[in-house]
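Reading through the structure tokens given below for one structure.
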Amino acid sequence: MKEEIIMAGFGGQGVMSMGKLLAYAGMKEGDEVSWMPSYGPEMRGGTANCTVIISSEKIPSPLSSRPDTVMVMNLPSLEKFAPMVKEGGTILINSSLIAKEVERDDIEVIKVPANEIANELGNSRVANMVMLGAYLARKNIVKLDTVKKSLKDVLPERRHDLIPINEEALDRGAALVK
């Protein structure tokens with residue numbers, strides 16, 4: 001098993017946290033993992049993306065030019081990364097912020113109203129966890145339960161009060177795809 005994932009959005013949308021959490025959970029389950037962040041010139045508001053690779057075998061390179069899955073939180077990320085998804089791959093789109101249709105018919109497109117669900121939960125900052133939950137339900141690369149247990153290890157201690165809402169956001173995203 002090997003899954004290459006690119007997650008992308010504006011700085012401040014939690015793309016790096018989402019990737020780090022997924023990689024950490026994969027490591028907890030005994031897989032080989034790679035997490036490679038990439039930032040634009042600005043921290044908040046600039047573009048940010050990360051590549052996560054989870055594999056049952058050694059990972060020769062942390063780069064991915066043809067990912068299996070792309071998760072995009074904003075339109076510039078969709079335009080940049082949609083063409084890279086390998087044939088038969090999957091793209092998850094934050095449909096709360098992206099109205100544009102994917103112009104490919106050789107990949108699976110999953111629309112996730114991540115910001116809408118996060119707002120329903122009372123915290124717009126958990127849109128990334130809604131997206132991650134949808135991904136986990138669709139791909140089964142790591143267990144949702146492992147990701148939830150990893151929140152305590154990945155989130156800084158000052159954010160541990162947000163673990164319950166992050167868990168709920170993961171569940172809501174997963175429920176969309178099941």
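The values are calculated or read from the model by the stated rules, or taken from the named source; none is laboratory data. Not measured: the values here are computed from a predicted model. Here the Cβ is made from the backbone with ideal geometry for all residues, glycine too, and neighbour counts use every protein chain on show.
Of all residues in segment 10-35, those that are at positive phi and in a loop (DSSP other than H, G, I, E, B) have Cβ atoms under 9 Å from Cβ atoms of residues that are surrounded by fewer than 21 Cβ atoms within 10 Å (Cβ to Cβ) and polar (S, T, N, Q), 6 or more apart or on another chain, in Gly30/Ser56. Restricting segment 136-154 to residues that are farther than 23 Å from Ile107 by Cβ and among the charged types (D, E, K, R) leaves a set whose member that is surrounded by the most Cβ atoms within 10 Å (Cβ to Cβ) is Lys148. Tell me, yes or no, whether segment 155-176 has at least one residue that is in a helix (DSSP H, G or I), surrounded by fewer than 17 Cβ atoms within 10 Å (Cβ to Cβ), among the β-branched types (Val, Ile, Thr) and modelled with pLDDT under 95. No, because not a single residue in segment 155-176 is in a helix (DSSP H, G or I), surrounded by fewer than 17 Cβ atoms within 10 Å (Cβ to Cβ), among the β-branched types (Val, Ile, Thr) and modelled with pLDDT under 95.
Quick check on segment 50-79: of everything there that is assigned to a loop (DSSP other than H, G, I, E, B) and in contact (Cβ under 8 Å) with a residue 60 or more places away in the chain, which residue is surrounded by the fewest Cβ atoms within 10 Å (Cβ to Cβ)? Ranking the candidates gives Arg66 first. No other residue among Val126, Val130 is more than 18 Å from Lys178 (Cα to Cα), of a type in the set (A, V, I, L, M, F, W, C) and crowded, with 17+ Cβ neighbours inside 10 Å apart from Val126.
Per this entry, Ala25 is counted among residues that are surrounded by 16 or more Cβ atoms within 10 Å (Cβ to Cβ) and aliphatic (A, V, I, L, M). Residues being part of a helix (DSSP H, G or I), among the hydrophobic types (A, V, I, L, M, F, W, C) and at pLDDT 95 or above are entirely absent from segment 85-106.
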